[in-house]
1. Could you say whether any residue in the stretch 228-242 is under 23 Å from Gly315 (Cβ atoms) and buried (at least 24 other Cβ atoms within 10 Å of the Cβ)?
2. List the number of the failed condition for Leu304; all other conditions in (1) open to solvent by less than 50 Å² (accessible area, probe 1.4 Å); (2) more than 16 Å from ligand 1 (Cβ to nearest atom) hold.
3. Here is a list of conditions, (1) closer than 20 Å to Met83 by Cα; (2) in contact with a helix residue (DSSP H, G or I) (Cβ under 6 Å, 6 or more places away or on another chain); (3) open to solvent by 30 Å² or more (accessible area, probe 1.4 Å), and Met40 meets all of them except one; can you say which number that is?
4. Would you be able to say whether some residue in the stretch 182-195 is of a type in the set (Phe, Trp, Tyr) and assigned to a loop (DSSP other than H, G, I, E, B)?
5. Being at positive phi, assigned by TED's automatic domain parsing to the domain that holds Gly293 and open to solvent by less than 10 Å² (accessible area, probe 1.4 Å): is that true of Gly211 here?
6. If Val338 passes every condition in (1) away from ligand 1 (no atom under 13 Å from the Cβ); (2) out of contact with any Cys (no Cβ under 7 Å at 6 or more places or on another chain) but one, which one does it miss?
7. Considering the stretch 301-325 alone, what residues qualify as being acidic (Asp, Glu) and within 11 Å of ligand 2 (Cβ to nearest atom)?
Amino acid sequence: MRRIEAVSSKMAERGLKNLVVSNIYNVRYLSGFSGSTAMMLIAGEKATLVTDFRYKEQADGEVFRGVEVRIDTREALKAICEMVGKLKGKTGLEAGTLSYSAYDKLRAAAEDAVPIESGVLSSGLIGDLRKTKDENEIETLRKAARIADDVFSDIVKEIRAGMTEVRIAARIDYMLRLKSSEVPAFKTIVASGEHASLPHASPSMRVVRDGDLITMDFGAIWDGYCSDMTRTVVAGKASDKVKEIYGIVLEAQRAAIDGIKAGKACSDIDALARDHIEAKGYGENFGHGLGHGLGLEVHEGPRLSKKSEEILAPGMVTTVEPGIYIPGWGGVRIEDDVVVRDGGCDVLTAAAKELMEVGG
Ligand code: ZN
Ligand code: ZN
């Protein structure tokens, strides 16, 4: 119930009496329910989860004490609309994920009872709480990271010139599943040779050639929590240019990780990596932010970027993933997951980071 209390006090700060929770990750965070269809209503300190008959047994087993479960034969939204119609005071809705048609229905239901004050959109209210993880969540994330580490140490034994990117990606996904990841945390990226200059390349039928860099970005899900790791390896022997670019990215990544601790500005951490890459002459080849928060979703707060105004707090979990992408040549990205602590950080991903020549 600590999470419900925390939400209630955040709601009070924003002048909200009630909150309709439609983001399924927020539903899971507040209730423990891991099914794919449910909504919640927080009215003051009272929390109700609405789902349907398919999930009755699951909800009874999973939902935290103190959260009331209501099984409805109709879609959850209809039941929530009915409940909202009886509420008093300002009702918040989740702007980020609520569909326009659901918004319309909730507005209509609320207006009958509390004409003017309802329908306040409350972006980020629960997302702000989710940024800081408790020790149980951190241990769960550590397990998800460990699965990704294991997959990496297995896949590098298989990779060799002649394999397609699709085959490598399929093998990664297969290994993730066998190691009990529920599903891959996101669509696995495998990009080789000049294709690796696309930071978010989809695996293609491109055949890995001798001397190619291969970037692999993938993650596991353990008990709902995601890991997200990138390693770049070389097929066969690394050229001097490969060694140079890889070295710069690794130094940038280490500088950022060394600088992470509670109280630091996210933009300053981004700068630790970015300034290094810029000083080496590749500033224009690092066009994305340094990292993102990680938890029930693979992208959540905080953001490590130039524009971020957030300050790191103990328990925040973030990726650190600088890269250099050179069109026509290829790219290197190295990504780890870290937990912010007082005075430093814990790195959850443990896979080797020295440049690896594979398939020899
Ligand atoms: Zn990634
Ligand atoms: Zn990432």
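1. Step one: filter the stretch 228-242 for residues under 23 Å from Gly315 (Cβ atoms), giving 228-229.
Imposing the further condition that a residue be buried (at least 24 other Cβ atoms within 10 Å of the Cβ) reduces the set to 228-229.
Yes: the stretch 228-242 contains one or more residues that are under 23 Å from Gly315 (Cβ atoms) and buried (at least 24 other Cβ atoms within 10 Å of the Cβ).
2. Result: Leu304 passes all but (2).
3. (3)
4. Step one: filter the stretch 182-195 for residues of a type in the set (Phe, Trp, Tyr), giving 186.
Subset that is assigned to a loop (DSSP other than H, G, I, E, B): 186.
Checked against the condition, which is being of a type in the set (Phe, Trp, Tyr) and assigned to a loop (DSSP other than H, G, I, E, B), the stretch 182-195 yields at least one hit.
5. Details: at positive phi: yes; assigned by TED's automatic domain parsing to the domain that holds Gly293: yes; open to solvent by less than 10 Å² (accessible area, probe 1.4 Å): no.
Judged against the criteria, Gly211 is not a match.
6. With (1) away from ligand 1 (no atom under 13 Å from the Cβ); (2) out of contact with any Cys (no Cβ under 7 Å at 6 or more places or on another chain) applied to Val338, the lone miss is (2).
7. From the stretch 301-325, those acidic (Asp, Glu) are 309-310, 321; that's our starting set.
Answer for the stretch 301-325, where residues must be acidic (Asp, Glu) and within 11 Å of ligand 2 (Cβ to nearest atom): just Glu321.
Okay, residues lined up against (1) crowded, with 18+ Cβ neighbours inside 10 Å; (2) in contact (Cβ under 8 Å) with a residue 12 or more places away in the chain; (3) part of a helix (DSSP H, G or I):
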{"residue": "Gly127", "(1), (2), (3)": "yes, yes, yes"}
{"residue": "Glu139", "(1), (2), (3)": "no, no, yes"}
{"residue": "Arg142", "(1), (2), (3)": "yes, yes, yes"}
{"residue": "Ala145", "(1), (2), (3)": "yes, yes, yes"}
{"residue": "Arg160", "(1), (2), (3)": "no, yes, no"}
{"residue": "Val166", "(1), (2), (3)": "no, yes, yes"}
{"residue": "Ala169", "(1), (2), (3)": "yes, yes, yes"}
{"residue": "Met175", "(1), (2), (3)": "yes, yes, yes"}
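The values are calculated or read from the model by the stated rules, or taken from the named source; none is laboratory data. All of these numbers come straight from a predicted model, not from anything done at the bench. Methodologically, a virtual Cβ is constructed for each residue, glycine included, from the backbone with ideal geometry; neighbour enumeration extends over all protein chains shown. Note: areas computed on protein heavy atoms with side chains; ligands, DNA, RNA excluded. Shrake-Rupley method; radii C 1.70, N 1.55, O 1.52, S 1.80 Å.
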